[in-house]
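Asker: First, the structure itself, so that you have it in front of you.
The values are calculated or read from the model by the stated rules, or taken from the named source; none is laboratory data. In this text, all values refer to a predicted model and were calculated from it rather than measured experimentally. Using ideal geometry, Cβ is built from the backbone for each residue, glycine included, and neighbour counts are taken over all protein chains shown.
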Amino acid sequence: AQSVTQLDSHVSVSEGTPVLLRCNYSSSYSPSLFWYVQHPNKGLQLLLKYTSAATLVKGINGFEAEFKKSETSFHLTKPSAHMSDAAEYFCVVSANQFYFGTGTSLTVIP
Amino acid sequence: GAGVSQTPSNKVTEKGKYVELRCDPISGHTALYWYRQSLGQGPEFLIYFQGTGAADDSGLPNDRFFAVRPEGSVSTLKIQRTERGDSAVYLCASSPGTSGRWETQYFGPGTRLLVL
């Protein structure tokens, strides 16, 4: 069975400080993992994906995520938050259909 | 190129009415998915098409929900006898259909359904 747990429903950071959004997954086989971002009244946009080629995955807008099999984690990070990063972030494990986490709302304080 | 489009963007209906939601996938994508996103939640899977056939409809909540994709491109999600609990954003996504669970899914903007 596949499932995703996003450990924080809300994260608040100051502009220019690091971002950490946590995700743990469960998968019956070697997982494919994604992070999507959803800005208010906008569609879901792919940030990055893990497909077993490399454990550290770089995405758009300076985001990256590290796959850690031993911890069953796929945390999303960014060194320096920007105001435009404020949005809802979803961690996803795929088994043809996508299994979404419940989302983490990121607030960036000026 | 054009992304996934969904119409209408908003739909208000009355309890008990029938609604149809349309999805136009990215041209050439053979895989198409429907999800439902309730307020404050992540999207939940409804149904997956590979070509014209429903490869997995295990997420449809009951027999009031039905989806078709007769020519392998446009898909319509149909909801009969709508209930207030059906109010949600209905998302459509498509993918090339060649790499299974390794594929990126491209999402449309969604249809916001409100049942009064």
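Asker: Please determine, by comparing only the residues of segment B:2-35 that are more than 11 Å from chain A (Cβ to nearest Cβ) and within 19 Å of A:Ala95 (Cβ to Cβ), which one is surrounded by the fewest Cβ atoms within 10 Å (Cβ to Cβ).
Answerer: Among those that are more than 11 Å from chain A (Cβ to nearest Cβ) and within 19 Å of A:Ala95 (Cβ to Cβ), it is B:Thr30.
Asker: Something else now. Counting only residues that are out of contact with any Asp or Glu (no Cβ under 7 Å at 6 or more places or on another chain), over 29 Å from B:Tyr90 (Cα atoms) and at pLDDT below 95, how many does segment A:37-65 have?
Answerer: Residues in segment A:37-65 being out of contact with any Asp or Glu (no Cβ under 7 Å at 6 or more places or on another chain), over 29 Å from B:Tyr90 (Cα atoms) and at pLDDT below 95: 3 in total.
Asker: How many residues are under 12 Å from the mean Cα position of the chain (by Cα) and more than 11 Å from every other protein chain (Cβ to nearest Cβ) when one looks only at segment B:92-112?
Answerer: Of the residues in segment B:92-112, 2 are under 12 Å from the mean Cα position of the chain (by Cα) and more than 11 Å from every other protein chain (Cβ to nearest Cβ).
Matching residues to (1) within 19 Å of A:Glu66 (Cα to Cα); (2) in contact with a Cys (Cβ under 9 Å, 6 or more places away or on another chain); (3) touching a residue at least 24 places away in the same chain (Cβ under 8 Å); (4) β-branched (Val, Ile, Thr):
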position	(1), (2), (3), (4)
A:Ala1	no, no, yes, no
A:Val4	yes, yes, yes, yes
A:His10	no, no, yes, no
A:Glu15	no, no, yes, no
A:Pro18	yes, no, yes, no
A:Cys23	yes, yes, yes, no
A:Ser27	yes, no, yes, no
A:Ser32	yes, no, yes, no
A:His39	no, no, yes, no
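Asker: Related question: Could you tell me whether segment A:41-52 includes any residue that is within 14 Å of chain B (Cβ to nearest Cβ), part of a strand (DSSP E or B), free of Cβ contacts under 8 Å to residues at least 40 places away in the same chain and farther than 28 Å from B:Cys23 by Cβ?
Answerer: no
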